[in-house]
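Supplied in structure tokens, the structure appears directly below.
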Amino acid sequence: MIRTYQDVTPAALEAMAQTTDPRLREIMTALVRHLHGFIVETRLSEAEFRAALAILAEMGRLTTDSHQEFVLMAGSLGVSSLVCLMNNGDQGRRETSQNLLGPFWRMHSPRVDNGGSLLRSETPGDALFVNAKVVDTEGTPVPGADVDVWHASPVGLYENQDPDQANMNLRGKLTTDGEGRFWFRSVMMVGYPIPTDGVVGRLLKAQNRHPFRPAHLHALIVKEGFKALISQVYNSADPHIDDDAQFGVTRATLAEFVRHGEPHPTARDIEGPWYSLDYTYVLERGPTVLPQPPIK
Ligand SMILES: [Fe+2]
């Protein structure tokens with residue numbers, strides 16, 4: 001029989017204990033224990049509780065085929081990064097090139113041959129040449145891996161946020177060659193703010209936080225026998241490299257996007273500076289499971 005607030009937690013835990021599936025039982029028991037502990041610790045008021053429920057409902061309403069407020073919130077609280085780093089790099093024991101998926105991955109990127117371009121419409125900006133390698137944890141090259149790459153434009157927008165870009169601009173699907181390499185040409189991206197017109201924007205404002213993410217290149221690398229590698233490679237020279245609003249930047253995913261003043265050795269159309277990025281992605285063995293695309 002419940003008499004005071006102190007009797008509620010044991011009653012709820014008893015109900016959780018009836019869960020048939022052992023993993024679900026473990027998760028629900030811990031969730032109730034921590035949730036109740038949080039409410040007691042903060043002495044959550046009735047008004048705050050009602051506000052919290054309204055916020056969750058608002059986040060649900062804001063989430064559509066083209067916007068994912070829960071992904072933004074999980075990132076902004078550091079939860080996405082915590083889950084990622086705890087579950088990768090030999091279960092969190094080592095640094096990893098695994099990183100956040102983010103909300104902008106789309107399936108069915110167009111095929112790009114090695115050496116090809118990600119540009120599908122005119123995209124003013126400095127040329128970027130990416131030379132990447134995919135290896136396993138022993139450093140052995142992984143040939144025949146499928147690689148999706150995608151990134152924001154030189155004004156900080158993904159193609160599906162920007163009517164000035166063609167469908168699938170700055171996205172492509174490549175395959176690693178016999179030495180585990182893939183390479184392509186694109187344009188130098190910049191960092192961008194996460195959307196701030198919803199709940200997450202209000203939170204950042206209340207916390208005096210800026211919404212910016214440092215410039216990055218996304219990749220999703222898939223090869224049977226390895227865990228799908230979801231990665232972002234960050235520009236170490238970006239002004240927000242030390243205060244990513246999504247806590248995604250790690251030492252293993254920092255890279256130098258090298259600026260060149262000299263003429264490019266082969267691409268004769270380039271006037272002015274261009275950039276190059278060299279990066280090695282490390283795949284871990286494990287079941288190959290593709291993530292669900294967060295948006296259409
Ligand atoms: Fe991104």
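The values are calculated or read from the model by the stated rules, or taken from the named source; none is laboratory data. Since the model is a prediction, treat every value here as computed from it, not as a measurement. Glycine also receives a Cβ, built like all others from the backbone with ideal geometry; neighbour counts cover every protein chain displayed. Calculation scope for accessible area: heavy atoms of the full protein, side chains included, ligands and nucleic acids excluded. Shrake-Rupley method; radii C 1.70, N 1.55, O 1.52, S 1.80 Å.
Find all pairs meeting these conditions: Cβ atoms under 6 angstrom apart; at least six residues apart or on different chains; first residue within segment 134-156 and more than 12 Å from Tyr281 (Cα to Cα); second residue of a type in the set (A, V, I, L, M, F, W, C) and more than 16 Å from the ligand (Cβ to nearest atom).
Final answer for the pair search is Asp146/Val222.
I've got another one for you. For segment 1-120, list the helices (runs of 4 or more DSSP H) that sit wholly inside it and hold at least 2 residues that are free of Cβ contacts under 8 Å to residues at least 40 places away in the same chain and hydrophobic (A, V, I, L, M, F, W, C); which are they?
8-16, 22-42, 46-62, 69-76, 79-87
Select from segment 212-231 the residues that are within 16 Å of the ligand (Cβ to nearest atom) and open to solvent by 40 Å² or more (accessible area, probe 1.4 Å) and list them in ascending order.
Residue satisfying the conditions is Phe212 alone.
Conditions tested, residue by residue: (1) touching a Ser or Thr at 6+ places or on another chain (Cβ under 6 Å); (2) hydrophobic (A, V, I, L, M, F, W, C); (3) open to solvent by less than 60 Å² (accessible area, probe 1.4 Å); (4) part of a helix (DSSP H, G or I).
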position	(1), (2), (3), (4)
Gln165	yes, no, yes, no
Asp197	no, no, no, no
His210	no, no, yes, no
Val233	yes, yes, yes, no
Ala252	yes, yes, yes, yes
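Let me ask something additional. Taking segment 271-290, which residues are open to solvent by 30 Å² or more (accessible area, probe 1.4 Å) and either touching a strand residue (DSSP E or B) at 6+ places or on another chain (Cβ under 7 Å) or small (Gly, Ala, Ser) (or both)?
Answer for segment 271-290, where residues must be open to solvent by 30 Å² or more (accessible area, probe 1.4 Å) and either touching a strand residue (DSSP E or B) at 6+ places or on another chain (Cβ under 7 Å) or small (Gly, Ala, Ser) (or both): Gly272, Pro273, Tyr275, Asp278, Thr280, Val282, Glu284, Arg285, Thr288, Leu290.
Further, regarding this structure: Looking at (1) open to solvent by 50 Å² or more (accessible area, probe 1.4 Å); (2) closer than 25 Å to Tyr192 by Cβ, which is the only condition Gln68 fails?
(1)
Name the residues in segment 199-208 that are exposed (fewer than 14 other Cβ atoms within 10 Å of the Cβ) and hydrophobic (A, V, I, L, M, F, W, C), would you?
Matches in segment 199-208: Ala206 only.
Got at least one residue in segment 168-180 being surrounded by fewer than 16 Cβ atoms within 10 Å (Cβ to Cβ), within 16 Å of the ligand (Cβ to nearest atom) and at pLDDT 95 or above?
no
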